[in-house]
Amino acid sequence: MNVVPGQSGRLVIKANQSLSWQGNVGFILSILISSLAISLAFVAAGAWLLMPFILLEVAILSAIFYHVKNRLSVIEVISIDRDRVKVEKGRDQAEQCWEFNRKLARVLIERADEAFDAYTLTLSGEQGMLLLGTALTRADRDSLVNSLAQCGLRVYEPGNAAILLA
């Protein structure tokens, strides 16, 4: 994160991925091998119909792991300069891009009803509203709010008339 207080900055936001895709594949293979080893005893006893269900189980587990990996691999890049705020989202490259006038851009904080739920951050401006940091934890969102405020963006909480950070 490169931030020049009150002027500009470039923030790269990505979710914490505790296990790489290779680690996920290794875990799935270990489940497959152990399930097949256990099922061989059942097959030897004549319960061969168990095999398709084991393969179905591993296929569903693989699909779930792949879906989670894809959701967590989205990277957000927020570039703030003198006149604009640019947000790019994508996996390997920028797939979506939004630009906001810096003077009109505001960060809105919407608190959750429950104390343990993370709040949402929304960048608001002439282009509309855009959710930021959807895969971040509460502590990471706090850090993001502070970094955006250091870059000079105004941070509001609806229902609170005062500017929280500016």
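Given the structure, is CYS151 hydrophobic (A, V, I, L, M, F, W, C) and surrounded by fewer than 17 Cβ atoms within 10 Å (Cβ to Cβ)?
When the stated conditions are applied, CYS151 does not pass them.
Considering the stretch 82-93 alone, what residues qualify as being surrounded by 11 or more Cβ atoms within 10 Å (Cβ to Cβ) and under 15 Å from the mean Cα position of the chain (by Cα)?
VAL87, GLU88, LYS89, GLY90
From the set of residues in the stretch 122-135 that are at pLDDT 85 or above and touching a helix residue (DSSP H, G or I) at 6+ places or on another chain (Cβ under 9 Å), which is farthest from GLN17 (Cα to Cα)?
LEU123
Can you tell me which residues in the stretch 17-26 are of a type outside the set (Gly, Ala, Ser) and under 12 Å from VAL68 (Cβ atoms)?
Correct list: GLN17, LEU19, TRP21, ASN24.
Could you run through the stretch 30-83 and say how many residues are in contact with a strand residue (DSSP E or B) (Cβ under 9 Å, 6 or more places away or on another chain) and farther than 30 Å from LYS103 by Cβ?
Of the residues in that region, 2 qualify.
Considering only the stretch 34-56, how many residues are exposed (fewer than 10 other Cβ atoms within 10 Å of the Cβ) and of a type in the set (A, V, I, L, M)?
Of the residues in the stretch 34-56, 4 are exposed (fewer than 10 other Cβ atoms within 10 Å of the Cβ) and of a type in the set (A, V, I, L, M).
Say we look at the stretch 87-121 and pick out the residues that are of a type in the set (A, V, I, L, M), in a loop (DSSP other than H, G, I, E, B) and under 17 Å from LEU11 (Cα atoms); which of these is modelled with the lowest pLDDT?
Checked the stretch 87-121; the qualifying residue modelled with the lowest pLDDT is ALA94.
The values are calculated or read from the model by the stated rules, or taken from the named source; none is laboratory data. Since the model is a prediction, treat every value here as computed from it, not as a measurement. With ideal geometry, Cβ positions are generated from the backbone for all residues, glycine too; neighbour counts draw on all protein chains shown.
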